[in-house]
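Scroll down for the structure; my scribbles are underneath it.
The values are calculated or read from the model by the stated rules, or taken from the named source; none is laboratory data. Values in this document were obtained by computation on a predicted structure and should not be read as measured data. A quick note on method: Cβ atoms are made from the backbone with ideal geometry, for glycine too, and the neighbour counts reach across all protein chains shown. Note: areas computed on protein heavy atoms with side chains; ligands, DNA, RNA excluded. Shrake-Rupley method; radii C 1.70, N 1.55, O 1.52, S 1.80 Å.
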Amino acid sequence: MPLSAARDRDGIVLALLVLGACCLPLVFGAYGLRVATMVAMYVALAQSWNLIGGYTGLISLAQPAFFGSGAIAALIFLVNGAPVWLAVLGSLGVSLAIAVMVGAPTLRLVGHYFVVATLLVSEALRNLVLNLNAFNFNGGISVNIVSKVGLTALSPTTYNQVFYYVMLGLATTAMLAIFALERSKWGLALRAIRDNQRAASALGVAATRLKIAVVLASAALVSLVGTAWAFWIGTVETNEAFSLTLTFEIIVMVFLGGRGTLWGPLLGVLVVLFINETIGVELAEITQVVSGVIVVLVVLLQPDGLIQIFRQGPRAFAPKTLAANLRRYRVR
Amino acid sequence: MQICLQIFFDSLLLIGLYSIGALGFALIWGVLNVLNIAHGAFIMLGGYLTFLLWRNGLDPLLAIPATMAALFAVGWLIQRFLIDYVVSGPHSLGIALTYGLNLVLIGLALYFFTAEYRSINLPPYLRGYVDIGGAKLTYVRIVIMLIAFFLTACVWWFMDRTELGAAIRATRLDMEAARLVGIKVRTIFDLTTGISAMLAGAMGGLIALLHSASPAMGDQYLLQVLIVTVLGGLGSIAGPMLGALVLGISTSLVSNLWGATYSTLVGATLVLLVLVLKPSGLRGRAFYEA
Amino acid sequence: MSADILAVAGLAKHFGGLRAVDGVDLAVRRGEIVGLIGPNGAGKTTFVDLLTGSEPPTGGRITYRGTDITSLSAHERSRMGLARTFQVPRPFGDLTIRENVLVGALFGRGERRGGRPEALDLANRCLERAGLSAVADQSTGSLSTAGLKRLEVARCLAAEPDLLFLDEPLGGLNPTEVKDALGLIRGLNDSGITIVFIEHIIPAVMSLCHRVVVLASGRKLADGDPSEIVANPEVQRAYLGDVKAAVRRFGARRRAATRPGGAA
Amino acid sequence: MGASPVSPGAPDASALLSVRGLDGGHGPIQVLADISFDVREGEVMAIIGANGAGKTTLLRILSGLIQPMRGSIRFAGREIAGSSSDEIVGLGLCQAPEGRRLFSGLTVEENLRLGSFRRRDKSRRVVADALDQVFAYFPRLAERRGQLAGTMSGGEQQMCAIGRALMAGPRLLAIDELSLGLAPVIVEELVAILYDIHEAGTTVLLVEQDVSVALGVADRALVMQSGKIVLQSSPDELLADDAIIKSYLGG
């Protein structure tokens, strides 16, 4: 595939970013590190949704099922005395099993039915876990993981730094996955499927198999982030682990930044977290209104995402461009 | 016997409420092919509006029609100034737009009303109950049921018996052919979202009367509405009613027997089964879908 | 029989009560150009859908190079060397023209071979052959109907087919473009690709094809060499109706009537 | 008038429909180039041409489903290029589209009644009369008035599509592919009824691929090829000229 100059630059920028991120704990205090960890976590989640929603065009709301199973299954493994490595791998296995069970039937659904089905998968699983009363686990109750694993021995600073690097690792993995995908024939195949699945199949692309592979890859990443999150915050609560709100938040980030791009989701994460952190938690409802307004404005005026600024320069926000964008999908 | 009657009355109430919510939701999905995430916010808006009107001295039963009128206007405006601009785009744009709208509306509700539950003190004439075979049926529940079923009947009459209703169905079946007979599709869209929001408003108002209004009520009932819509299938009035019947009965059955925590699980499982067995989704009447 | 690259027996597709394809037998010999003609709604496109795996058949058997492929999926058939163009072009809108062709080169027949530079090279050659090199890095939105039809062909070529189905490749082209397209197709055949050519423009079919098959109402009406087919009164009727008789019949009636307004 | 290529002039003020220099297509792809013709009040005009010649695109532009790129369309003394479909239908240019496009889940009667959705003189009485008139033309539709339109045979669907267009009280009735996919007996029946409709005072624009039907019915015919009008003449001259046969079968 022809690599344009811009794409060669992507690799360098990515390397520099990761390098810079590795040095952050040297300059950041506790608050800064917490925010940085959040950014890393959201980037990993956003890119795993970008893989499905952006590159493959499947609006999946099943992510909570993978995030939640990653968190809760790891917890259950630990509660039952499993070592940490087994908890991580075991919960990954559980998430992948769920992905296979969910992916096979739902990928055949068309249009909004897919969206609704994946949403209901998440909700069904959340309710199932809430009612689960086995394996020394009682669904509604939150459990302190940290004490189970004996991580309490670590000093708070070291503890936070460990999880910053874990999340950074996951975020880097996600970014690299997208980076590699954009350069591989599989990325091309996914975009072809998104544009016209029948034509792609006629040219030899195994569409269904590829889509299942993408669902699995995305699920694996989300599950690992879920596990890491559970260890990080220490106390897991079922409703939080299976939160649809979190998934919607992630989708919003991907949309704001630009779906189906390498840098869009990162940009989206930064924008949303910036709004959240500046307006503040005390005024959560105002933050919500502001982000809602931004979502609406971006969808109407810049449906390809804020990343267009970097692609088209100031022209992306010229009134003429915005007016044309506004008219693009309007019904006559 | 007593529990059977209780389940029967609970089901009737839920069937009525779910019907009107899902009819509106299915209308936007079917005609505009937009999955309206803000439908929950419309429900919530209805709840708060009814509460506000009551607090300012209006009888709750008069507040309901006033709420519906207001939400019709809200729906119309939202269609004309927002949803109109994404209708011919990819599915995901409609979802993102209405999700953003949902955020704004819920955020505003939180700001103005806080997360507190706001309930309406019933006027004396709604306070009593009748005892039927040991099952208690309060007046307010009877009234809510009647209103919900009356509204369902009105929607059926409008869609099935009036020219405008036929024009909406025609637009859903074939937008281009609708244009060729001179139907102004944009106006039909405005009308559709208006009616949908109006029904959601009625649902919210009735829920406020029954329980209370809160910022979370929208998302909570949106889930039920989704389940009902897919269970019944798009494209006919009977579809959402059928879905409401199935979910209403199963929910009240399950909550009375095992506890309320299982009801969503049962509903979601039912829908997933239906979708797996009929991957294109349960259809409405055979020829209602183009 | 070994000369047959494709053998179809009793192929059928029913949509509810509609028999779109109704028990068609067909043999395609290696290296020939077979024209598939028939009036609108005859079932030609459905027939191609069945042969290339876009739709599962209701009945019948498809044998390709001696292998039964009836139950194989579209991408598996593509990897065996079957390719098709679509009547209404289906470009990948978010991909450039070159990337569109690359999909064929990276998957399709060459899938197992892999090799990025090799695929790129192949794609470029296919673009060249289809006359799209100059616009290769533009978006597909910039292409005219003729350009889109060429892109369809270029993508297929990159998949390295032995057997190529062209679904109305001339539809919507002007006479010059038709001439160019016919040259391109002849060249493909000369390079060893067997072609099934579905078209409405009869002169083109007659000049290009070694053999012509006529479908009408989902059934095979005739099968023979072009001169035979063009002289076949049944075929003429299927296409034109009986023009002069119809004019006599309808015309007599209308001339007897008084009409408002002026005649021509 | 001979079978000669057409050259555009000023719009013909006496014509019901006058098209001049029309360019158009789907999105950025131009299909029609410089189309000019007139349809006079009271005549039957046929447009013939092979698949992909641009006939349906032309009708879609006339009905306002696609906006033209350039050119003028005057109908009943008004410029309608750029107008919306509902305005055009309101002026009396009504179409029975290719593929019938009935509202398959609505009954026959509902389909027909929606035909008069935009009628300016709409009253219960006018609609009832129009419905009676349609049922008089197509008695079979009266028998099936309560049936879902999607469950009828192809011929009945075509009748319903024409009936639906008639319900608007059209001054110009455009029919796209009257005969497509129908048995010859049915086509003959439809053509006979088309005569009646025409004799009752409706101008007809018939787009056809079937030459025998088109030339049998029309006062004048246009031949389209690759988005252009290449010939314009009377049916007899076209037949004598053998030009049609050539464009379809050889040469």
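Quick notes
- Shielding of C:93-101 by partner chains, average beta-carbon count, 10 Å: 3
- Residue ranking by accessible heavy-atom surface, 1.4 Å probe, largest first, among B:ARG186, C:ARG116 comes out as C:ARG116, B:ARG186.
- Shape of the range C:83-160, Cα gyration tensor, a/c cut at 1.5: prolate
- Rounded to 5, percent antiparallel among DSSP beta bridges of the protein assembly as shown: 60 percent
- In degrees, nearest ten, helix A:185-195 long axis to first principal axis of chain A (Cα): 70 degrees
- Rounded to the nearest Hz, the phi-derived 3J(HN,Hα) couplings of the range A:65-79 under the Karplus curve 6.51 cos²θ - 1.76 cosθ + 1.60 (θ = phi - 60°) are 4, 7, 4, x, 5, x, 6, 6, 5, 4, 4, 4, 4, 5, 4, where x marks glycine and proline.
- Surface share of carbon and sulfur [accessible, 1.4 angstrom probe, percent] for the protein assembly as shown: 61 percent
- Contact-buried residues of the range D:187-218, at a threshold of 50 Å² lost accessible area versus the chain by itself: D:GLU188, D:TYR195, D:GLU199, D:SER212 (1.4 Å probe; DNA, RNA and ligands ignored).
- Nearest-ten-degree value, helix D:154-166 long axis tilted from longest Cα axis of chain D: 90 degrees
- Inter-label distance for B:VAL276 and A:ILE12, nm, one decimal - labels placed 7 Å from Cα along Cα-to-Cβ: 5.2 nm
- Peptide C:4-14 is shielded by partner chain Cβ atoms: per residue, an average of 0 of them sit within 10 Å of its Cβ.
- Anisotropy class of the protein assembly as shown from Cα gyration tensor, a/c 1.5 cut: oblate
- Inter-chain neighbour count for D:62-71: the average number of beta-carbon atoms from partner chains within 10 Å of each residue's beta-carbon is 1.
- Separation of the A:LEU19 and C:SER142 label points, Cα + 7 Å toward Cβ, nm: 3.7 nm
- Surface calculation, 1.4 Å probe, protein heavy atoms: B:LEU242 sits at approximately 90 Å² accessible.
- When both bridge partners sit in chain C, DSSP labels roughly 60% of those beta bridges antiparallel.
- Helix B:217-232 axis versus longest C-alpha principal axis of chain B: approximately 60°, rounded to the nearest ten.
- Karplus-derived HN-Hα couplings along the range A:39-52 (A = 6.51, B = -1.76, C = 1.60, θ = phi - 60°), whole Hz, x at Gly and Pro: 4, 4, 5, 5, 4, 4, 5, 5, 5, 5, 6, 4, 4, 7
- Checking the cross-link pairs A:LYS211/C:LYS13; B:LYS278/C:LYS220; B:LYS278/C:LYS149; A:LYS320/B:LYS184; A:LYS320/C:LYS179 against a 31 Å limit on the alpha carbon distance flags B:LYS278/C:LYS220; B:LYS278/C:LYS149; A:LYS320/C:LYS179 as lying beyond it.
- Cα-based shape type of the range A:191-332, given that a ≥ b ≥ c are square roots of the gyration tensor eigenvalues and the cut on a/c is 1.5: oblate
- A:TYR42 accessible area, assembled protein chains, probe 1.4 Å, Å²: 20 Å²
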